[in-house]
1. If you go through the range 46-56, how many residues are open to solvent by 80 Å² or more (accessible area, probe 1.4 Å) and under 23 Å from the mean Cα position of the chain (by Cα)?
2. From the list Lys247, Lys242, Lys195, which residue is in contact with a Phe, Trp or Tyr (Cβ under 6 Å, 6 or more places away or on another chain) and open to solvent by 80 Å² or more (accessible area, probe 1.4 Å)?
3. Mind checking which residues of the range 67-114 are more than 21 Å from the chain's Cα centre (by Cα) and at positive phi?
4. Filter the range 25-45 down to the residues that are open to solvent by 30 Å² or more (accessible area, probe 1.4 Å) and either β-branched (Val, Ile, Thr) or touching a residue at least 60 places away in the same chain (Cβ under 8 Å) (or both) and list them by number.
5. Scan the range 185-200 and tell me whether some residue there is among the charged types (D, E, K, R) and under 24 Å from Glu284 (Cβ atoms).
6. Which pairs turn up if I take residues in the range 250-276 that are under 21 Å from Ile128 (Cα atoms) and look for partners that are surrounded by fewer than 20 Cβ atoms within 10 Å (Cβ to Cβ) and hydroxyl-bearing (Ser, Thr, Tyr) with beta carbon separation below 8 Å, at least 6 apart in sequence or on another chain?
7. Examine the range 77-92 for a residue that is more than 26 Å from Leu204 (Cβ to Cβ), open to solvent by 30 Å² or more (accessible area, probe 1.4 Å) and assigned to a loop (DSSP other than H, G, I, E, B), and state whether such a residue exists.
8. For Gly201, only one of the following conditions fails: (1) modelled with pLDDT of 95 or more; (2) surrounded by fewer than 18 Cβ atoms within 10 Å (Cβ to Cβ); (3) assigned to a loop (DSSP other than H, G, I, E, B). What is its number?
Amino acid sequence: MPEPWRIVFLGTPEFAVPALAALSGAEDQVLLVITQPDRPQGRGRRPSPPPVKVLAQKLDLPVWQPESIKTPAAFNRLKELTPDLLVVVAFGAILPLNLLQLPRIGPLNVHPSLLPAYRGPAPINWAILNGETETGVTTMFLDQGMDTGPILLSRRTAIGPLETAGQLHDRLARLGAELLLETIAGLKAGRVTPKPQPSTGATLAPLLKKADGLIDWTRPAEELARRVRGLDPWPGAYTTFKGKILKLFGARPGPGRGRPGQVLALDQGLLHVAAGQGSLALAELQIEGKKRLRAPEFWRGQRLGSTDFFGD
């Protein structure tokens, strides 16, 4: 029976929570959980703890929230712990070389794509935006590049035809946690060895901005449907209507025709709006300052007809 490994976990958002939960239930020892500082959230802008901190406190694990992981003090604190492994899952900062070289085994990362495809901060969103039918999770050892380190294991999964980025995020987080434990067990048993990433097939998944959510109604409906799903829940797809922001949810392409942005019909509970090719069928909408409504409620409440246009 191999000795339990001494692990330092670095992670911050919801995506990292299943991985920390899985590690805490395994045989290895989580020495310390490092996460980002509490940040202002919501309308009140009150400091809110990151999800990983909330879980770590529930698990009675020690938590540290340094303003920077790149200081000599940070290196010295981790060095004193003599970790076998750093596990890094969506930590939110690039680790310096001295930390990458610190653990006995290595700095192990869980990334939500099939590397080398979709390196970068938004792989889940871009997989949907680009019309991929399959994605997955990859474990690797970190190096100084952007998701360029040697691959340990990967696991594939299909992307559902109506799956949103938020739904896929949650599935990949759970899948990544499972793959993390499988990777650690394989490293211990000598069944898993790092392999350099292929030199071909590398793509980037750059950070998204709020402005990326603005719908261009001249684009094909298939592309717009992917944009609505790929940006849900953040940054969110939106258009304008009667001078207000209108958020869009639950989109799929439809067969309708008209001038781009023209409201066409309510059909089988979906609101159809003309696109450059076909129509965008929407399940839910939310106008600025109002609650989110199903398409039939929005249709009736706004008294919509073919003279109405989105993106006005």
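The values are calculated or read from the model by the stated rules, or taken from the named source; none is laboratory data. Remember, predicted model here, so these are calculated numbers, not experimental data. Glycine gets a Cβ as well: all are built from the backbone with ideal geometry, and neighbour counts include every protein chain shown. For the accessible areas, the whole protein counts, side chains as well, though only heavy atoms, and no ligand, DNA or RNA atoms are used. Shrake-Rupley method; radii C 1.70, N 1.55, O 1.52, S 1.80 Å.
1. So the count comes out to 1.
2. The unique qualifying residue is Lys247.
3. Residues satisfying the conditions are Thr82, Gly106.
4. Answer for the range 25-45, where residues must be open to solvent by 30 Å² or more (accessible area, probe 1.4 Å) and either β-branched (Val, Ile, Thr) or touching a residue at least 60 places away in the same chain (Cβ under 8 Å) (or both): just Ala26.
5. For the range 185-200, residues among the charged types (D, E, K, R) and under 24 Å from Glu284 (Cβ atoms): absent.
6. From residues that are under 21 Å from Ile128 (Cα atoms), the pairs are Ala275/Thr218; Gly276/Thr218.
7. Yes: one or more hits.
8. (1)
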